[in-house]
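A.B. asks: I have a structure here, written as structure tokens, and I will follow up with some questions on it.
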Protein chains: 2
Amino acid sequence: MREVAIVGIGYTKIGELWERSLRDLFVEASLRALEDAGIDDVDALYVGNMMSGTLQEQEHLGALLAGYIGHPGIAAAKIEAACASGGVSLHQAYMAVASGLYDVVLAGGVEKMTDRLTPDVTFSLAMADDMEYTIYSGVTFVGLNALVYRLYMHKYGVKQEDIANFAVLMHENAVNTPHARFRRRVKLEDVLRSPLIADPIHLLECAPISDGAAVLVLTTLERAKKLTDTPIVIRASAVATDYLSIYERDDMLSLRATVLASRKAYKQAKLEPKDINVLEVHDAFTILGILALEDLGFAERGRGAVLVKEGEIAPDGRVPTNTMGGLKARGHPVGATGIYQAIDAILQLRGDAGKNQVPNAENALLQSTGGVGGTVAIHILSRAD
Amino acid sequence: MREVAIVGIGYTKIGELWERSLRDLFVEASLRALEDAGIDDVDALYVGNMMSGTLQEQEHLGALLAGYIGHPGIAAAKIEAACASGGVSLHQAYMAVASGLYDVVLAGGVEKMTDRLTPDVTFSLAMADDMEYTIYSGVTFVGLNALVYRLYMHKYGVKQEDIANFAVLMHENAVNTPHARFRRRVKLEDVLRSPLIADPIHLLECAPISDGAAVLVLTTLERAKKLTDTPIVIRASAVATDYLSIYERDDMLSLRATVLASRKAYKQAKLEPKDINVLEVHDAFTILGILALEDLGFAERGRGAVLVKEGEIAPDGRVPTNTMGGLKARGHPVGATGIYQAIDAILQLRGDAGKNQVPNAENALLQSTGGVGGTVAIHILSRAD
């Protein structure tokens, strides 16, 4: 396999971008990424997206967007793996270059969620879980995460304050992130007083419905070294799955797909959790952020919240996590989220992370999660020194 | 790159399968494919599907179906490229094995179309073209193909009878195909007297709305030789795109994506049109079958219909085409169609094609088309002697 590197990043601000369409957002992110890379010869495009069919009544995004970015003719496809669509899109792009079939590949993601009424979006998001056997019973997607949350507190004797703290830190980190959806602080009491969405999950513990697009330019490490002084190597790229619905699993408090994919990734990269300086976890709900810290090997089971409380996941802590605000505060445009995670990590690895810069960031691990852990894509990125 | 081979095929009968769900169909096809291959260690799964979001209100098919086929944990994703989803799924699976990252990969496709009302399905199919700028103007997907059809007759002075003949041959071929949707003959006058769907396209020139699932098992050629006496090598795998809507193109009478992808494929396989013994073209409408014969290099521009008239594309002709009935008569369960094309070709290459067997079939070319040629995947398969 050829070694693969990322040489360009492009992204839009995340928000309620009513004045621009899905294709507008994707074009902006793509052209910025190609400009950042300083190249324009593209061989293939992968578009991570979950809901364009139900929210925009548009499929065939691969060819559509290939044309709109000025590259009609290239190979293209839409990659769908629920909220992990972005991470899996990166995985496909990685293989496309690693295989030797394509030299320059765009790994993109886009989601346009705010043009539709919230019930439509909530329903579309629930397509990430098993509609026939789980969702039609009446539970919402937030409701499923609420079950996990409550069981976690019960089993480990953890207080909600300690879990909800995760959201407070995310907002703190987003204050310094120009592309973040929410650049404002919240206090723990704000989180706990915000409306209950599905008991015990409060509004401010949920990632916001957002619009956004993000794109990476991948090529061989060999070519990357000629293009830039700061190529970012993809040291590992792994995907794993699990039964879609939590009732089918042996253990509701560990996402097996995270464990499987991260194990493969650590092995591929020949790295361990202690080698990771920058972490991006999929905190669609605070509880998922806590579980990720445990499943990825950064905390013992039931002890993830302790890392948050002790400041270990802050930008100046031992395991800087979601330093740009994560899904919670940077925002969660579903199909693009996995790519934004890569971008936030790359800004750190390049030393371009501004006030939240982690000193000497060398290795970053990204966890992109679909549904309640039905699919997890793990990537490990490193500075190519 | 590692050489890649197909060692197992599995598929359902195509039809109005109201008694079975999307997942039932996919499980049946997958288990048959694994049984045919004689292995059960799967590393990754790609599911070609276009419309599960709008027709089944279900996404995240990769993980969902990985679990249902008894392989929770493996890497999985849904691949969407409109009606080329199956062909592109095969392309992704090919790269997954070729890259060295995965050893055994399932390339699958599934579509469940007949549970919904026809207007819903017609609308969902139109998502293959540009909704905002083309479909919302009032044209249907059939209507777009009708424009191409009329221009073709006008420019080349070809009569409708000669184009409609394609459907007659497809029905003839399907009579001997156990898994075909329509195992009955039609006469040319039946086709021309069938209802007009979009002038000049008659009902019997359109591929039928269908349910079905099909799966291939891919592994390295090295391992394939140990598993079976009839491994099928993937000699070429290529994908190309074009502007989604015909009004954006320089030439409405040639699918540029077919030309680009087939050129890449012939080069990769070191083969020419004259080396192809079995051809599978994407005849969603008769006119698309004719255009394919020209764009793939089997006929001069404007002369595709002559091949049909002269019997050249019949199973005993010079370029046996869609020997199992093609999209028109075998059926067109959208996301699965590209995989069914591979299966029909493999039955020929294995010598298992029954009454329609092409003598000494060695090389097969498959064309999987999305929309009116927005995406085209081309594969060349050969017997590994």
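A.B. asks: Could you list all residues from the stretch B:144-160 that are touching a strand residue (DSSP E or B) at 6+ places or on another chain (Cβ under 9 Å) and hydrophobic (A, V, I, L, M, F, W, C)?
C.D. replies: B:Leu144, B:Ala146, B:Leu147, B:Val148
A.B. asks: While we're looking at this one, here's another question. Any residue in the stretch A:42-55 that is at pLDDT 95 or above, aromatic (Phe, Trp, Tyr) and under 20 Å from the mean Cα position of the chain (by Cα)?
C.D. replies: Looking only at the stretch A:42-55, we keep the residues that are at pLDDT 95 or above, and these are A:42-55.
Add one more test, that the residue is aromatic (Phe, Trp, Tyr), and what stays is A:46.
From the residues that got through so far, the ones that are under 20 Å from the mean Cα position of the chain (by Cα) too are A:46.
The answer is yes; a qualifying residue exists.
A.B. asks: Does B:Val110 count as modelled with pLDDT of 95 or more, within 14 Å of chain A (Cβ to nearest Cβ) and within 30 Å of A:Tyr68 (Cα to Cα)?
C.D. replies: For B:Val110, the condition - modelled with pLDDT of 95 or more, within 14 Å of chain A (Cβ to nearest Cβ) and within 30 Å of A:Tyr68 (Cα to Cα) - is met.
A.B. asks: Can you tell me which residue is nearest to B:Leu65 (Cα to Cα) among those in the stretch B:9-32 that are within 14 Å of chain A (Cβ to nearest Cβ) and assigned to a loop (DSSP other than H, G, I, E, B)?
C.D. replies: B:Ser21
A.B. asks: Next question. Counting only residues that are farther than 13 Å from B:Tyr247 by Cα and assigned to a helix (DSSP H, G or I), how many does the stretch B:147-158 have?
C.D. replies: 7
A.B. asks: Right, another one. Do the conditions hold for A:Leu101, that is, is it more than 9 Å from every other protein chain (Cβ to nearest Cβ), crowded, with 20+ Cβ neighbours inside 10 Å and under 27 Å from B:Leu45 (Cα atoms)?
C.D. replies: It is false that A:Leu101 is more than 9 Å from every other protein chain (Cβ to nearest Cβ), crowded, with 20+ Cβ neighbours inside 10 Å and under 27 Å from B:Leu45 (Cα atoms).
A.B. asks: Of the conditions (1) in a strand (DSSP E or B); (2) surrounded by fewer than 18 Cβ atoms within 10 Å (Cβ to Cβ), A:Ala240 satisfies every one except a single condition; which number is it?
C.D. replies: (2)
A.B. asks: For B:Arg301, which of the numbered conditions (1) part of a loop (DSSP other than H, G, I, E, B); (2) surrounded by fewer than 23 Cβ atoms within 10 Å (Cβ to Cβ); (3) out of contact with any Asp or Glu (no Cβ under 6 Å at 6 or more places or on another chain) fails to hold?
C.D. replies: (3)
A.B. asks: Shifting gears a bit: Here are A:Ala33, A:Ala66, A:Ala29: which of them is buried (at least 24 other Cβ atoms within 10 Å of the Cβ) and farther than 26 Å from B:Ala238 by Cβ? Write out each step before concluding.
C.D. replies: Details: A:Ala33 fails: farther than 26 Å from B:Ala238 by Cβ; A:Ala66 fails: farther than 26 Å from B:Ala238 by Cβ.
One residue alone meets the criteria, A:Ala29.
A.B. asks: Out of the residues in the stretch A:260-275 that are buried (at least 19 other Cβ atoms within 10 Å of the Cβ) and of a type outside the set (Phe, Trp, Tyr), which is nearest to the other protein chains (Cβ to nearest Cβ)?
C.D. replies: Result: A:Leu260.
A.B. asks: If a residue has to be surrounded by 24 or more Cβ atoms within 10 Å (Cβ to Cβ) and assigned to a loop (DSSP other than H, G, I, E, B) to count, how many in the stretch B:362-385 make the cut?
C.D. replies: Count: 4.
A.B. asks: Report yes if B:Val278 is among the β-branched types (Val, Ile, Thr), closer than 21 Å to B:Gly289 by Cβ and more than 12 Å from every other protein chain (Cβ to nearest Cβ), otherwise no.
C.D. replies: It is true that B:Val278 is among the β-branched types (Val, Ile, Thr), closer than 21 Å to B:Gly289 by Cβ and more than 12 Å from every other protein chain (Cβ to nearest Cβ).
A.B. asks: Keeping to the stretch A:116-163, report how many residues are within 14 Å of another protein chain (Cβ to nearest Cβ), among the charged types (D, E, K, R) and in contact (Cβ under 8 Å) with a residue 60 or more places away in the chain.
C.D. replies: Residues flagged as within 14 Å of another protein chain (Cβ to nearest Cβ), among the charged types (D, E, K, R) and in contact (Cβ under 8 Å) with a residue 60 or more places away in the chain within the stretch A:116-163 amount to 4.
A.B. asks: Regarding B:Ala224, is this residue within 14 Å of chain A (Cβ to nearest Cβ), touching a strand residue (DSSP E or B) at 6+ places or on another chain (Cβ under 8 Å) and either within 30 Å of B:Phe182 (Cα to Cα) or not charged (D, E, K, R) (or both)?
C.D. replies: no
A.B. asks: Now for a different question. Determine which member of the set A:Ala329, A:Ala314, A:Ala292 is of a type in the set (Gly, Ala, Ser), farther than 24 Å from A:Asp129 by Cβ and in a helix (DSSP H, G or I).
C.D. replies: Values: A:Ala314 fails: in a helix (DSSP H, G or I); A:Ala292 fails: farther than 24 Å from A:Asp129 by Cβ.
Residue meeting the stated conditions: A:Ala329.
A.B. asks: Would you be able to say whether some residue in the stretch B:252-273 is farther than 20 Å from A:Val42 by Cβ, modelled with pLDDT of 95 or more, among the hydrophobic types (A, V, I, L, M, F, W, C) and part of a helix (DSSP H, G or I)?
C.D. replies: Within the stretch B:252-273, one or more residues are farther than 20 Å from A:Val42 by Cβ, modelled with pLDDT of 95 or more, among the hydrophobic types (A, V, I, L, M, F, W, C) and part of a helix (DSSP H, G or I).
A.B. asks: Look through B:Gly326, B:Gly335 and report the one residue that is touching a His at 6+ places or on another chain (Cβ under 9 Å) and buried (at least 24 other Cβ atoms within 10 Å of the Cβ).
C.D. replies: Of the residues listed, the single one that is touching a His at 6+ places or on another chain (Cβ under 9 Å) and buried (at least 24 other Cβ atoms within 10 Å of the Cβ) is B:Gly326.
A.B. asks: Does B:Thr323 meet the test of being away from chain A (no Cβ under 14 Å), in a loop (DSSP other than H, G, I, E, B) and within 13 Å of B:Asp283 (Cβ to Cβ)?
C.D. replies: So B:Thr323 passes the test.
A.B. asks: Here is a follow-up. Restrict the check to the stretch A:216-225 and report whether at least one residue is surrounded by fewer than 18 Cβ atoms within 10 Å (Cβ to Cβ), at pLDDT 95 or above, under 21 Å from the mean Cα position of the chain (by Cα) and of a type outside the set (Val, Ile, Thr).
C.D. replies: no
A.B. asks: To continue, here is another question. List the number of the failed condition for B:Leu90; all other conditions in (1) surrounded by fewer than 24 Cβ atoms within 10 Å (Cβ to Cβ); (2) among the aliphatic types (A, V, I, L, M); (3) more than 9 Å from every other protein chain (Cβ to nearest Cβ) hold.
C.D. replies: (1)
A.B. asks: Just for the stretch B:213-228: of the residues that are among the small types (Gly, Ala, Ser) and assigned to a strand (DSSP E or B), which one is nearest to B:Ala345 (Cα to Cα)?
C.D. replies: Restricting to residues being among the small types (Gly, Ala, Ser) and assigned to a strand (DSSP E or B), the top hit is B:Ala214.
A.B. asks: Which one of these does B:Tyr152 not meet: (1) farther than 19 Å from B:Leu196 by Cβ; (2) buried (at least 20 other Cβ atoms within 10 Å of the Cβ)?
C.D. replies: The number of the failed condition is (1).
A.B. asks: Only one of these is among the basic types (Lys, Arg) and in the same structural domain as A:Phe26 (by TED's automatic domain parsing): A:Arg193, A:Arg223. Name it.
C.D. replies: The unique qualifying residue is A:Arg223.
A.B. asks: Scan the stretch A:195-212 for residues that are in a strand (DSSP E or B), of a type outside the set (A, V, I, L, M, F, W, C) and within 20 Å of A:Val148 (Cβ to Cβ) and jot them down.
C.D. replies: Step one: of the stretch A:195-212, the residues in a strand (DSSP E or B) are A:196-198, A:201-202, A:206, A:209, A:211-212.
Add one more test, that the residue is of a type outside the set (A, V, I, L, M, F, W, C), and what stays is A:202, A:211-212.
Selection gives A:His202 alone.
A.B. asks: Out of B:Ala284, B:Ala292, B:Ala299, which single residue is without any contact (Cβ under 8 Å) to a residue 12 or more places away in the chain, within 18 Å of B:Arg256 (Cα to Cα) and out of contact with any Ser or Thr (no Cβ under 6 Å at 6 or more places or on another chain)? Break it down stepwise before answering.
C.D. replies: On the way: B:Ala284 fails: without any contact (Cβ under 8 Å) to a residue 12 or more places away in the chain; B:Ala292 fails: without any contact (Cβ under 8 Å) to a residue 12 or more places away in the chain.
Of the residues listed, the single one that is without any contact (Cβ under 8 Å) to a residue 12 or more places away in the chain, within 18 Å of B:Arg256 (Cα to Cα) and out of contact with any Ser or Thr (no Cβ under 6 Å at 6 or more places or on another chain) is B:Ala299.
The values are calculated or read from the model by the stated rules, or taken from the named source; none is laboratory data. Quantities reported herein were computed from a predicted structural model and do not represent experimental measurements. Counting neighbours? That spans all protein chains shown, and the Cβs are built from the backbone with ideal geometry, glycine included.
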